[in-house]
Every structure is written in C-alpha cells, then in structure tokens.
1. Taking the stated definitions as given, is B:Y75 among the aromatic types (F, W, Y), outside any helix (DSSP H, G or I) and in contact with a strand residue (DSSP E or B) (Cβ under 7 Å, 6 or more places away or on another chain)?
2. Could you tell me whether any residue of segment B:79-94 is touching a Lys or Arg at 6+ places or on another chain (Cβ under 6 Å), within 14 Å of another protein chain (Cβ to nearest Cβ) and open to solvent by 20 Å² or more (accessible area, probe 1.4 Å)?
3. Kindly evaluate A:K31 against the criterion of being free of Cβ contacts under 8 Å to residues at least 60 places away in the same chain and surrounded by fewer than 18 Cβ atoms within 10 Å (Cβ to Cβ).
4. Just checking, which of B:S246, B:S262 is modelled with pLDDT of 95 or more and buried (at least 19 other Cβ atoms within 10 Å of the Cβ)?
5. Can you tell me how many residues in segment B:186-210 are within 16 Å of B:A258 (Cα to Cα) and either in contact with a Cys (Cβ under 9 Å, 6 or more places away or on another chain) or among the polar types (S, T, N, Q) (or both)?
6. When you go through (1) part of a helix (DSSP H, G or I); (2) modelled with pLDDT under 90 one by one for A:S93, which number turns out not to apply?
7. Given the conditions (1) away from chain B (no Cβ under 11 Å); (2) under 18 Å from B:V11 (Cα atoms), report the number of the one that A:K84 does not fulfil.
8. In segment B:100-114, what residues are open to solvent by less than 50 Å² (accessible area, probe 1.4 Å) and either under 17 Å from B:G60 (Cα atoms) or in contact with a helix residue (DSSP H, G or I) (Cβ under 7 Å, 6 or more places away or on another chain) (or both)?
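The values are calculated or read from the model by the stated rules, or taken from the named source; none is laboratory data. This one's a predicted model, so the numbers in the text were calculated from it and none came from an experiment. All Cβ positions, even for glycine, are placed from backbone atoms using ideal geometry, and neighbour counts span all protein chains on display. Side chains included, ligands, DNA and RNA excluded: accessible areas come from the protein's heavy atoms. Shrake-Rupley method; radii C 1.70, N 1.55, O 1.52, S 1.80 Å.
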Amino acid sequence: METSKHINFAELLARVDNDRELVRELLLLFKQDFPLQLQALEQSISQDDWDQTVLISHALKGMLSSLAMNVAAAHAAKLEELAKAAEKRALKSSFADFVEKVQGLPKEADACMSEVQT
Amino acid sequence: MRILIADDDAVSRRLLEKTLERSGYEVTVAVNGKMAVQELTKLDAPRLALLDWVMPELDGPQVCRKIRERRDQPYTYLLLLTSKESKEDIVAGLESGADDYLTKPFNPDELRARLRTGERVLHLEDKLVEAREQMRFKATHDALTSLLNRGVIVELLALELSRSQRERTSMAVLLCDVDHFKRVNDTYGHKIGDEALQEVARRLQLSVRSYDFVGRFGGEEFLIVLNNCDPEFAPNRAEEIRKAVSSRVIQTSAGPLAITTSIGLLLSADWRAHSAEELLHQVDTALYAAKADGRNCVRRALPAVQYGASGVQR
C-alpha cells in the first residue's frame, strides 16, 4: 500500500498513531464527504462566488492533507490561491485538472480500507 | 482534562478527536465557530480549545477575540490550527488572543506536546488565582475566627446604611461582647480563650441569614449587620442570637465553658440619616447598658429625645 499513487499510506499511519481502524473510519468519512465538496466547489466556481470557492477549496486542502493525499492537497491549495486572486479563467482550467487528478481517489481509498482490514 | 475541538471538516475533526481521546482528554466537539463560542462560554466549559482557523459562522481568530472579551472568567488556553504559514497570518492569529498555533496537517506528538504546554499554563494560572484569593481572604477576614475583619465589617455597615436609607428599608446593628472574657483568659490561658472565641464566632455566623454580615470588631467584640430586618422582629432576632451563644456550653480542650454575651441593638429606623460612626457610638452605648444591667442580655439604643439622656431602652 506504500506504493499507492495518491495516498502516502506510511504518513497516514503515522498521523493516526498506527490506528488502522481509525484509517478506515477516516477514509469512509472522506468517501461520504469528498463528492459533496467537489460538487459544491464546481457550483461556486460556475457562479463566480470567490468567497465560497476559497472556503471550499481550503476545506478540501485540509481534508486531503490530513489523509496524506498530498498531491491532491497541493492542487486544492492552488485552487484556493486562484480563487483569492479571482483568476476566473485559470481557476476553471485548474479545477478541470483537479477533477481529473482526484478521479481515482475514491477507488484508492477503497483499496486502502481493504488493506487496513487485513 | 476537557478540551474543545472546533473544526468544520469531518475528517480533521474525527482525527483530532480520536488522537486526543487516546491521550486521555475528554473531548467536546463543535462544527463551527459560533458553536465553539457557545461551548466555551458555558459554565464549567473546557479550558483548552483547538480551533480551526477557517470555519463557517465565526473563524478561529474571531472565536479567540470573543473569548478574550470576557472578563473575570477562568482563563481558556486557545490553540489555532492552521494551514496558513505566512508570518503575517501567524501574527494576526496570535494578536487575536490565541496562545499558540499548530500547522495542519498536524503531527500527533507535536500536538500532544503543545497541549501539555497549555495545561502547564492553566495550572500556573489556577495557582495564581488561588494565591490571589487566599490573599484577598486574609486581607478581609480575621485570622482567628475567619469572620470579616473590623475594616470590612465597618465598611459594609456604612454601605448597608446608605442602602437602607436609599431604599427605605430597615436594618439592625448588633454589637456583641463576650462576658467576662478576661477571666477566661486569666484562668485558662489565651489558647483556651481563642478556642472560645472561635466557637462564639461560629455560633454567631450560624445564627444569621446568608445575606447578613458578621465581623470581629476587636478583642472579644463582634459586630452583626442584619439587612432588611423588620424593626418589629429585630429584638427577638437579637435574643435568638444571644441564646445561640449561651444555650450550650462551649467545649474546649480545657473542658466545657459556659459563655454568655451582652448585646447592644440598634435599628436604623430609629437613627435615620446618621453616619456609620454615629451608629457605632450609639450601639456601643446600648452594649454598655447591657453590661451594666448584669450582662447576658440585649439592650436597645433609642433616640435620646424620646428615651432620655441614656438613649437606651430598658
């Protein structure tokens, strides 16, 4: 699992004091929450609601970094910066990249959850 | 120890909650800043708090400001969680009243170490408050009897006199003196005398209501202020207080002692618009009359124009 593309599993385990049950619980929360946040982010960008976009991308950054999904977290941080600067065109393009990058995350989360159960 | 976590992100919140529970903390959770303020301003609120910087309703620094606005409340140690790393942000966070900050994603060992620092600060604060309260008590109370000391009871007498005049209520002042106390000291020594005074003080305190005042006026004299006391019932109240001291012998380490008190009584209704000093002078006159009348009795001070030059009703 240490070789996972998006999740640094060793870092995640260290963060939870090696509590595998907690890893499972957190990934389950992620699977419930992440699609909703992504949807809310898409909506706020389409409505040019910069404040909301900053808030959601910031929350996503926190969630992703807590789960050691570092590449995705860095991308969320970029979205936050672009929203703060109200860079409309760059933000839309960056969001499209982000969506593509995080597509595989739920599946990896599933794999991780199976791993910690064994 | 109890701790509050305020974070709108479910993953961060659960991660913090579990990490802290594992470290022995009793965790309360808030999902936004407004809820955090509500939790932290409750009676018996947690005194350690971990606040996410960016939250709906109120952000972390706004929560800090709200908490620091309160005065005379136990100190709350506030730690901001932030993914903001610029010096300006950190300065702004600390300026808002936070005690410390921690960068997200947090390292569990660093989090625990920083919270231990917070606990040490709270412990020191508690010790300071305790020391201040002890000093305040010592400055306002008599060391032997733990009753209010002379300065404080006289000050309260003046305040209550003003209040009774302003609100047109009645108050009663009692000056009590332990009878033949010198004889107790001479016969049994000062240690036994002190034991007797402590018990007299305890009985006097128990014989009044919670909003009345009892103080050691000096030596074996005690001053009692009965607030909002109906003049009709005041003489009976004074009698009850006298009996509270004399009805049972006082057990001392030298054996049982029969102790009585003489009491001077004065009702503010009889002396409206006079100063505390004048009241004290009049009640002392009444006490002197009680002594002259054989002790172990109550004598009431009354206006001289009505009751003759002595100013005492027998």
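1. Numbers: among the aromatic types (F, W, Y): yes; outside any helix (DSSP H, G or I): yes; in contact with a strand residue (DSSP E or B) (Cβ under 7 Å, 6 or more places away or on another chain): no.
Against the criterion (among the aromatic types (F, W, Y), outside any helix (DSSP H, G or I) and in contact with a strand residue (DSSP E or B) (Cβ under 7 Å, 6 or more places away or on another chain)), B:Y75 does not qualify.
2. The initial filter retains those residues of segment B:79-94 that are touching a Lys or Arg at 6+ places or on another chain (Cβ under 6 Å), namely B:81, B:83.
Subsequent filtering for residues that are within 14 Å of another protein chain (Cβ to nearest Cβ) retains B:81, B:83.
If we keep only those that are open to solvent by 20 Å² or more (accessible area, probe 1.4 Å) as well, we get B:83.
Yes, there is a match, as at least one residue in segment B:79-94 is touching a Lys or Arg at 6+ places or on another chain (Cβ under 6 Å), within 14 Å of another protein chain (Cβ to nearest Cβ) and open to solvent by 20 Å² or more (accessible area, probe 1.4 Å).
3. Values: free of Cβ contacts under 8 Å to residues at least 60 places away in the same chain: no; surrounded by fewer than 18 Cβ atoms within 10 Å (Cβ to Cβ): yes.
Spelling it out, it is not the case that A:K31 is free of Cβ contacts under 8 Å to residues at least 60 places away in the same chain and surrounded by fewer than 18 Cβ atoms within 10 Å (Cβ to Cβ).
4. Values: B:S246 fails: buried (at least 19 other Cβ atoms within 10 Å of the Cβ).
Of the residues listed, the single one that is modelled with pLDDT of 95 or more and buried (at least 19 other Cβ atoms within 10 Å of the Cβ) is B:S262.
5. Taking segment B:186-210 and keeping what is within 16 Å of B:A258 (Cα to Cα), we get B:186-189, B:192-204.
Okay, now just the ones that are also either in contact with a Cys (Cβ under 9 Å, 6 or more places away or on another chain) or among the polar types (S, T, N, Q) (or both), so B:187, B:198, B:200, B:204.
The number of residues fulfilling the criteria is 4.
6. A:S93 satisfies all of (1) part of a helix (DSSP H, G or I); (2) modelled with pLDDT under 90 except (2).
7. In the conditions (1) away from chain B (no Cβ under 11 Å); (2) under 18 Å from B:V11 (Cα atoms), A:K84 misses (2) alone.
8. Narrowing segment B:100-114 to residues open to solvent by less than 50 Å² (accessible area, probe 1.4 Å): B:100, B:102-106, B:108, B:111-113.
Within segment B:100-114, B:D100, B:L102, B:T103, B:K104, B:P105, B:F106, B:P108, B:L111 qualify.
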